[in-house]
Amino acid sequence: MEALSLFKSLFKIDALNIFLVPFICLFGIVVIIYSLGGGAKDIKAKGAYYTYLLLTVATSCAAVLANNMILFLVMWGAGGLLLYLLIGIQDAAASADAGKKTFILVGGSDAVMLFGIAILWRLSGSFNMDSMHVAVAGKAGVVAFLCLMIAAFTKAGAMPFHTWIPSSAKVAPIPVMAILPASLDKLLGIYLLARCALNIFIIPASSFVSIFLMLLGAGTIVCAVMMALIQHDFRKLLAYHAVSQVGYMVLGIATATPIGIAGGLFHMLNHAIYKSCLFLTGGNVQYRTKESDLDKMGGLAVLMPISFICFLIASLSISGVPPFNGFFSKWMIYQGLIQGLSAGGSRFTIFTCLIAAMFGSALTLASFMKMLHAIFLGQPSPDIARTTKEAPFLMWLPVVFLSLLCILFGVFAVALPLKYFIIPAIGSTSLSLSGYAPVMSAILIAIGIIAGLAYYLLFGAKKSARADSAFVGGEIIPCDNRVSGVEFYNAIKELPVLRNLYAKAEKGLFDIYDQGKTIVFGIGKFFQYLHNGVLPTYLIWTLLGMIVIFFVLQR
Amino acid sequence: MNSINVVPLFVIIPLFSAFFISIVGKFVKRNAVYALSVIPCILLSFFSFNALRLLQSAPGHMLLYKIGGWAPPFGICMAVDAFGVFMLVVVNLVALFICIYSTGYMEKYTDMPKFFTLFFLMLTGMNGLIVTGDLFNLFVFLEIASVASYALVAFGTEAEELEAAFKYAIMGSVASCFIFLGIAFLYGFTSTLNMADMARVLATSHSVFIIPFVSALFIMGFGLKAALVPFHAWLPDAHPSAPASISAMLSGVLIKTLGVYALARIFFNVLGITATHLAVFRFLGAISLVIGVVLALSQWDLKRLLAYHSISQIGYVVLGIGIGTPLGIFGGLFHLLNHSVFKSLLFLNSGAIDYSVGTRDLKHMSGLKEKMPITAGTNMIASMSIAGIPPFNGFFSKLIIIFACVQAGYFGYCLIAIVGSILTLASFMKVQRYAFLGELRQACQNVKEAPFVMKFSMIALAVICVLGGFLLLPSLRPFINNAVDVLIEGAKYSAIILGETAK
């Protein structure tokens, strides 16, 4: 009995965390099936790999269910450790470097969270999340809030603590990317953010904190998507989108309106679904082609039709095209922003954020069009054999399942996920979700597509299509010449202002890890200079130290 | 076993073993020497746990032994209280694993009996310093341990090792000299050398003008033994130069016994702690923890890197004790225990790499995980412990120190502790990256895992790292809590000893 009461004091199940548990387990199952099907082919230490995956699921569940902050921190930190172990599971120098960077950022943010928890404990006298209601006011309250935000942002990958995601994207195994940075870390990070906004802290609406978070979210959306546009490796491109999408979730929760928070949570769920789908589909392509560079692929839609359709659905979801799930959650976030306006929020901030979010959405679509074209459409690349087959059954099954989930959560958004998961979670029943009827619009869109298809099949659009050689600058380019489509986007890199920024970003000027390294090593150099190895110098410090202590004590 | 007889055994066993091994060692086989050195260590560990058990029923929670039956303050006494027994358990347990490890590691060295002689002399010094109740005796044992460690640092007799030992000896002697001066002043003022009696005299006398001066001498002297910044400069040379098992001993327990234990014992139980003393401790702890870790980050010599981390971790311990609240001291002592486990383990790992690969330079090792899985695994655990990653033991002690800082309102020190923790993590990520992860070097293709005895010690210490957090359970907590009480109720120490011995 005593053990049971201890257990009860450590964990607490409420509507905000219980709906995450099935999803955490779901992503665990999906990734494990995918790995068994061949996704983990390159990994030598198979036993360790599956152990870590299962432990990751276990620690994530325990973290979201924990009510005691210390238990939460232990599970959260153990999750970070497992992330490090999973990234470095292949013995390669590059993945070891990425793992190092990841864990310095993630583990470091845990230490910062510890500070935040300590301050919370001092302010509220309790370790239990449900009995803390700390106002984000005064020095201590704001510092505690910022500490917890740093932890949540690092885990979820929001700017400026996101740099570990792009660095590890290219070198970590694909299933690892799909389960941790793309889904579970997002769930955990945004869960902490929501928990802070709903339970732990009392954030006054349209306060400084709320505006700060909103701007940070908007900045994350735009900056990360701009970085994504210029990537040539699909894994890095997806990684930058994993950062960019966090911006929407942060933005939604920062509005502090019920519909905004609901939108943020829903977007978190949707993002986990379509982003893991995208990573796993990309993994399928890489499994068959051994290639992750966009320049070297093309024309795979015919060869890998299932992967293509799943990738298309997930791409449309992430770009916020109705009727898929990404659209609905983004739409809710916009609604939340607009409602924030009527709640007395700063007009300037809200409009800035709204424009940034919509602009980001457009750029997301642009970069996914690039990727779709480069991988699946266009002229086939000479680097890829025409005999490439669809991925094995156990590898496409999870992907199909996830893309079906994208459609389901988009079309029946109100009837399924919102009703059962999201609205109970935020405990508000008065959400006005009018203005967009997902089922109706899905039917209309479907009718449109069917009509188009019918026209194509009936009237044979093929007949009217014509292929011919192009004449460019006095040179005739044969019609089967390949355009990967990636080059078009290089123009962005050459824009006058952006050119400098991109060059600096690639040098790591905006990377908190690289900058921190420079500062610390600079200080280290100074101290190394002082340690000259000469005994008399050391003795002088010793004696000076003693004299100073004597004067301090004498006072 | 009668409770009275346990106490002197902590000095007698290692002192006897030291000379017995040096005499017999020349005539018997190597394996016999190993047996002769491991057995006393097992006995010492057994007796320290026995003392822990006996302490619960002992009058006044104090095990006393009057040498020659002379009652203090006239005779010399040995007194073990909860703080002492805590240190005894830590020192002797770590010494046991290091001794077992040494039986494999010392194969490479020729004059092995001398090594164990010095090892046991050092252990004599540390155990004696913990059990003694007499200030002059404390100084004698301090010198025994120090001199043995000077010799052990120079054990390899290469130029670099001799230079390090020379520096260490000079600086250590300066520290001893100042400690001796402090003791002399105290003796002149109180006319007694018994710590309990001295505390009584100091508490009852009206003007204690001598305290600030003596405190400064002691802080410098013991601070140098504990390697607090700015008295730390000998450590980064001395610790890497010794054989790995001795580095583990030096970093793991010596700096804590000679430095932290002696400081805490004298300031809390004899001189009487003041707010200014605590402020000085906190400050020294905080700068040690930052400067140590910043210097560690740019090291490429594995053992030197670990040595700088010793400075930084001692900073945590002293910061915790310097907070002065029960929670802070608890954190400090818990971190002391944890640090002695994981730092010894890290040095043993570095020794295993040195043994198998023959290098200490991080740039010359890579991908060793494949060839040395046990070393890699245990090093991973120790690295995570020292970096304060849950669920390993280092996390919990850092957590308590940080909570204590916040509870007492020292937000600045708390921030320093956080930054130190992040940088420690960064530095150990570097160790993992360059030593164990990555691709195996061509030169390391034929590397073999360390021998069984070395693996045994490393695994045992790693298990303690994993399970260390359980010491916070209510049923196990008194082990540290009672030691904390000894320091918090500093004045009771003298009352108990004088009261018990008068009977």
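Worth a mention:
- Radius of gyration and Dmax over the Cα atoms of segment B:287-472, both given in Å: 16.5, 55
- Left without a cysteine partner by the 4.7 Å Cβ rule in chain B: B:C77, B:C177, B:C444, B:C465.
- Each residue in B:E370, B:E143 was given a count of other beta-carbon atoms within 10 angstrom of its own, and listing them fewest first yields B:E370, B:E143.
- Label zone of A:D130 (point 7 Å out along Cα→Cβ, amide N under 18 Å): in segment A:12-31 this covers A:12-21.
- Efficiency of FRET between B:L440 and B:W300 - r from beta-carbon atoms, R0 25 angstrom, step 0.05: 0.85
- Under the Karplus curve 6.51 cos²θ - 1.76 cosθ + 1.60, θ = phi - 60°, whole-Hz ³J(HN,Hα) for segment B:16-31, x wherever Gly or Pro sits: 5, 4, 4, 7, 4, 5, 5, 7, 6, x, 6, 9, 10, 6, 4, 4
- Hydrodynamic analysis of chain A uses the Kirkwood radius over alpha carbon pairs. Inserted into Stokes-Einstein at 25 °C and 0.890 mPa s, it gives a translational diffusion coefficient of 98 µm²/s.
- A simple spin-label model places pseudo-atoms 7 Å from Cα toward Cβ; at A:V400 and B:I170 they are separated by 7.9 nm.
- Couplings 3J(HN,Hα) for segment B:160-169, derived from phi with the Karplus relation 6.51 cos²θ - 1.76 cosθ + 1.60 (θ = phi - 60°), are 5, 5, 5, 5, 4, 5, 5, 4, 4, 5 Hz, where x marks Gly and Pro.
- Each residue of segment B:173-183 is assigned a 3J(HN,Hα), and the resulting list reads 5, 4, 4, 4, 4, 5, 4, 4, 4, x, 4 Hz, derived from the Karplus form 6.51 cos²θ - 1.76 cosθ + 1.60 (θ = phi - 60°), x at Gly and Pro.
- Residues in segment A:3-18 that a label on A:Y420 would reach, taking backbone N under 18 Å of a point 7 Å out along Cα→Cβ: A:14-18
- Qualifying aspartates and glutamates (Cα of each under 18 Å from Cα of B:K371; at least 8 residues distant if same chain): A:D91, B:D354, B:D361, B:E439, B:E449
- Protection proxy ranking of A:152-162, B:243-253, A:523-533 - average other beta-carbon atoms within 10 Å, highest first: B:243-253, A:152-162, A:523-533
- Inverse mean reciprocal Cα-Cα distance (Kirkwood Rh) of the protein assembly as shown, Å: 31.3
- In terms of overall dimensions, segment B:265-356 has a Cα radius of gyration and Dmax of 15.2, 50 angstrom.
- Here each label is just a point 7 Å from Cα along the line to Cβ, and for A:T388 and A:D295 those points are 1.7 nm apart.
- Listed by chain and number, the lysines whose C-alpha is less than 19 Å from the C-alpha of A:K236, apart from same-chain residues fewer than 8 away, are A:K100, A:K101, A:K155, A:K170, A:K186, A:K275, A:K290, A:K296, A:K370, A:K493, A:K504, A:K507.
- By other beta-carbon atoms within 10 Å, ranking B:F185, A:F7 with the fewest at the front produces A:F7, B:F185.
- In this simple spin-label approximation, A:A446 and B:L415 carry label points 7 Å from Cα along the Cα→Cβ vector, and these lie 5.9 nm apart.
- Neighbour net charge for A:A503 - beta-carbon separation under 12 angstrom, K R +1, D E -1: +2
- Rounded, prolate or oblate (a/c below 1.5 giving rounded, otherwise prolate when a/b exceeds b/c) for segment A:316-379 by Cα gyration tensor: oblate
- Residues A:T352, B:T375, A:T542, arranged from fewest to most other Cβ atoms within 10 angstrom of their Cβ, appear as A:T352, A:T542, B:T375.
- Summing charges over neighbours of B:G367, with a neighbour being any other residue whose Cβ is under 9 Å away from its Cβ, gives 0 when K and R count +1 and D and E count -1.
- Potential extension, B:S207-B:C177 segment - 0.36 nm per residue separation minus Cα distance: 8.2 nm
- Dividing the convex hull volume of the alpha carbon atoms of chain B by its residue count gives 128 Å³ per residue.
- Rounded, prolate or oblate (a/c below 1.5 giving rounded, otherwise prolate when a/b exceeds b/c) for segment A:1-135 by Cα gyration tensor: oblate
- Mean shadow area of segment A:268-308, taken as a quarter of the surface of its Cα convex hull (nm²): 3.1
- Over all other residues within a Cβ to Cβ distance under 14 Å of A:H267, the charged ones net out to +3, with Lys and Arg as +1 and Asp and Glu as -1.
- Anchor B:K398: lysines whose Cα lies under 18 Å away (excluding residues fewer than 8 positions away in-chain): B:K256, B:K343
- For segment B:47-118 versus segment B:195-273, the gap between their alpha-carbon centres in whole angstrom: 19
- Stokes-Einstein diffusion coefficient of segment A:512-554, Kirkwood radius over Cα pairs, 20 °C, 1.002 mPa s, in µm²/s: 171
- FRET efficiency for the pair A:K525 and A:D233, taken as 1/(1 + (r/R0)^6) with r the Cβ-Cβ distance and R0 = 30 Å, rounds to 0.30.
- For segment A:211-319: rounded, prolate or oblate by the Cα gyration tensor [a/c cutoff 1.5]: prolate
Each value in this text was obtained by applying a stated rule to the coordinates, not by laboratory testing. Please read all numbers here as calculations on a predicted model, not as lab measurements. When we count neighbours, we look across all protein chains shown, and the Cβ atoms used for this are built from the backbone with ideal geometry, even at glycine.
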